[in-house]
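Colleague: Quick one: the structure is below, and I'll ask about it shortly.
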Amino acid sequence: MARAKEDAESALHKKSEHLASLALAFKTQMSTIVELADAINRENLQAIAAGRMPSGHAGNISRAGVQLLAVINDLFDLSEAEAGHLSLDETEIDLSLLVRDSVDLMNDAAAKAKVSMSIEGADSALPVRADGHKLRQVMFNLLSNAIKFTPEAGQVKVSLRTDAYGR
């Protein structure tokens, strides 16, 4: 009984840590979106006043929004899993493309943390059967944690490899 209580308390603690990590990611991404929107508004007003074309920073807002949406989806999936309603939508996806896209999405966060990122072994297509959305969330969480816990001037390296049987 005591061991079961300890296990339950440990699981609750891990859940709380995960929720705190998600809340921080949510706050960080929302702050980025607000800051970028303010910057775009200022720059666009200045450009229009000077007779120039407005800037193209909307892509940065879009990327931050995608990251924020991933955090929100992660929170939703956590609640669905706890309720026993989580399901997988498996399709054939290109794992190399998913990894490259994930690293591209996290490049801004890595730059802010003064961490370099690289990819190895993701040059050619690697078809796998998986839930692409959930796998993207896993990649986002792994890369977020890698960036967060890598010291300044450190490197996060993502490597894809297959064994002799192509697995």
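Colleague: So I have (i) 1.38; (ii) 1.07; (iii) 1.27, and one of them is Cα Rg over 2.2 N^0.38 Å calculated from this model. Which one is it?
Modeller: Only one option fits the structure, namely (iii).
Colleague: Could I ask something else about it? Could you state the angle between the C-alpha long axis of helix 2-49 and the longest principal axis of the C-alpha atoms of the chain, as a value from 0 to 90 degrees rounded to the nearest 10?
Modeller: 10 degrees
Colleague: Give me, ordered by chain and number, the residues 5 or more places off Gly121 or on other chains with an amide H under 5 Å from its own placed amide H.
Modeller: Leu160
Colleague: I would also like to ask the following. Just grab the label-to-label distance for Asn145 and Leu75, each label 7 Å out from Cα along the Cβ direction, in nm (one decimal).
Modeller: 2.0 nm
Colleague: Could you compute how much accessible surface Leu142 exposes when probed at 1.4 Å, giving the result in Å² to the nearest 10?
Modeller: Counting only protein heavy atoms, the figure is 100 Å².
Colleague: Pairing the Cα long axis of helix 95-112 with the longest principal axis of the chain, what angle in degrees results, from 0 to 90 and rounded to the nearest 10?
Modeller: Result, in degrees: 60.
Colleague: In addition: Any chance you could give the angle, 0 to 90 degrees and rounded to 10, that helix 58-82 forms with the longest Cα principal axis of the chain?
Modeller: It works out to around 20 degrees.
Colleague: Could you check the simple spin-label distance between Asp123 and Ala153, using points 7 Å along Cα→Cβ, in nm with one decimal?
Modeller: Modelled inter-label distance: 3.1 nm.
Colleague: Keeping the other protein chains in place, figure out the carbon and sulfur percent of the accessible area of segment 1-121, with a 1.4 Å probe.
Modeller: Working: 4730 of 7880 Å².
Carbon and sulfur together cover 60 percent of it.
Colleague: Quick check on packing: order 25-31, 104-110 by the mean number of other C-beta atoms within 10 Å, highest mean leading.
Modeller: Values: 25-31: 16.4, 104-110: 18.0.
Per-residue mean Cβ counts within 10 Å order the peptides as 104-110, 25-31.
Colleague: Can you tell me which of 1-12, 130-141 comes out highest on packing, and rank the rest after it, using the mean Cβ neighbours within 10 Å? Don't jump to the answer; show the numbers that get you there.
Modeller: Numbers: 1-12: 8.7, 130-141: 17.4.
In descending order of packing, they fall as 130-141, 1-12.
Colleague: Next up: What residues have an amide H closer than 5 Å to that of Val156, excluding those fewer than 5 places away on the same chain, when H is modeled at 1.01 Å from N in the peptide plane?
Modeller: Placed amide hydrogens put Ser116, Met117, Ser118 under 5 Å from Val156.
Colleague: Next up: Compute, for segment 45-167, the length of the dipole vector about the Cα centre, with Cβ point charges of +1 (Lys, Arg) and -1 (Asp, Glu) only. Units Debye, rounded to 20.
Modeller: Details: 12 positive and 16 negative charges, 120 e Å.
Here segment 45-167 has a charge dipole of around 580 debye.
The values are calculated or read from the model by the stated rules, or taken from the named source; none is laboratory data. Nothing here was measured: the structure is a model prediction, and the numbers come from that model. As a convention, Cβ positions derive from the backbone with ideal geometry for all residues, glycine included, and neighbour counts pool all protein chains shown. Ligands, DNA and RNA are excluded from the accessible area calculation, which covers all protein heavy atoms including side chains. Shrake-Rupley method; radii C 1.70, N 1.55, O 1.52, S 1.80 Å.
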